[in-house]
Amino acid sequence: MIRIAICDDEAPTRAYLASLIRAQDCPCEIVEYASAKDCLADQRKIDLLFLDIELNAAGPDGMALARQIRERSAVAQPVIIFVTGYERYVFDAFDVGAFQYLLKPVDEEKFAQVFTRAAAQIGAGRETPVRTLTLQSAGVSRTVPLDSIYYIESSNHKVVLRLKDGEFSCYAKIRDLEAELGDQFFRVHKGYLVNLAYVEGYSKTELTPTNGGRLLISKYKYQDFVNAYLRFVKRGAGL
């Protein structure tokens, strides 16, 4: 059973998407929201979210809602598919780890293809354990999900993990963590190892993580970072 949410301020669009979902050969439970506020207020776990970007002006738009969802615990992250009438948001969609981007009016065949891939990813995710990192500090061992780490900073022979629920520091070498964490992370500077899932934006000299602040990008790392980031977002979008 896949739990699916539709968040769109237009009732006919919600009804149409619900009919397309029910036409798929997949057992599911569907809930509808007319606003970002309604969606955030509901604490039920959602596996798949069809999200309009330009929601009504009374609350956050779809992109802001997606960012707030990505700030939540990694344990309950839904697959997000944007449904919109505008192509100009496509790169913003990648920034919040959207799975796909459907243009209105939604084509039934395209919808079926995207839905099938999304359902397969959800099924695979249920079979795959959450990736974690275990570190020790002052005799205390702590295990954190990789998706809860914004970035890792090297400071005075220690590393500091900037996490969704605070921070954690321990004696470790950032180059060892770089080798261990793999391609979800990239070392943009000798002092920063960044989770590519939480890149808000970047220039040739600085990177902005989604939790705020600015991190330096080494000029020697910039092009490799851009290539790694584009590969990461394309994988997340299923391209």
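Brief remarks on what is shown
- Residue 169 long-range amide H proximity, modeled H, under 5 Å: 161
- With Cα atoms, 0 to 90° folded angle of helix 222-236 axis to the chain main axis: 40 degrees
- With contacts taken as Cα pairs under 8 Å at a separation of at least 6 residues, the range 132-236 carries a relative contact order of 18 percent.
- Where trypsin sites (Lys or Arg not before Pro) in DSSP loops with at most 14 other Cβ within 10 Å are excluded, longest remaining stretch of the chain: 73-130
- The range 2-127 - percent relative contact order, Cα under 8 Å, separation 6 or more: 23 percent
- This model, with +1 at the C-beta of Lys and Arg and -1 at the C-beta of Asp and Glu, gives the range 132-236 a dipole about its Cα centre of some 280 debye.
- Residue by residue, the range 46-53 carries 3J(HN,Hα) couplings of 10, 8, 9, 10, 8, 10, 6, 7 Hz when phi is fed to the Karplus relation 6.51 cos²θ - 1.76 cosθ + 1.60 (θ = phi - 60°); x denotes Gly or Pro.
- The eigenvalues of the Cα gyration tensor, multiplied by 5 and square-rooted, give the range 2-127 an equivalent ellipsoid with semi-axes of 19, 17, 15 Å from largest to smallest.
- Counting only chymotrypsin sites (Phe, Trp or Tyr not before Pro) that DSSP places in a loop and that have at most 12 other Cβ atoms within 10 Å, the longest clean stretch of the chain runs over 87-219.
- Evaluated over the chain, the count of Lys pairs having alpha-carbon atoms less than 14 Å apart is 7 (only pairs 8 or more residues apart or interchain).
- Residue-by-residue Karplus 3J(HN,Hα) for the range 179-190, coefficients 6.51, -1.76, 1.60, Hz, glycine and proline x: 5, 6, 7, x, 7, 7, 10, 9, 8, 7, 7, 4
- Per principal axis, descending, Cα span of the chain in whole Å: 58, 37, 33
- Only beta bridges with both residues in the chain are counted; by DSSP, about 60 percent of them are antiparallel.
- 5 Å binning of all Cα-Cα separations within the range 112-239, expressed as whole percents from 0 upward: 2, 10, 19, 22, 18, 13, 9, 5, 2, 0, 0
- Take every Cα pair under 8 Å whose residues are at least 6 apart in sequence, average their separation, divide by the length of the chain, and the relative contact order is 13 percent.
Read-outs: derived from the displayed coordinates by stated rules, not from any lab. Note that the coordinates shown come from a computational prediction; the quantities given were computed from them, not determined experimentally. Reconstructed Cβ throughout: ideal geometry from the backbone, glycine too, with neighbour counts over all protein chains shown.
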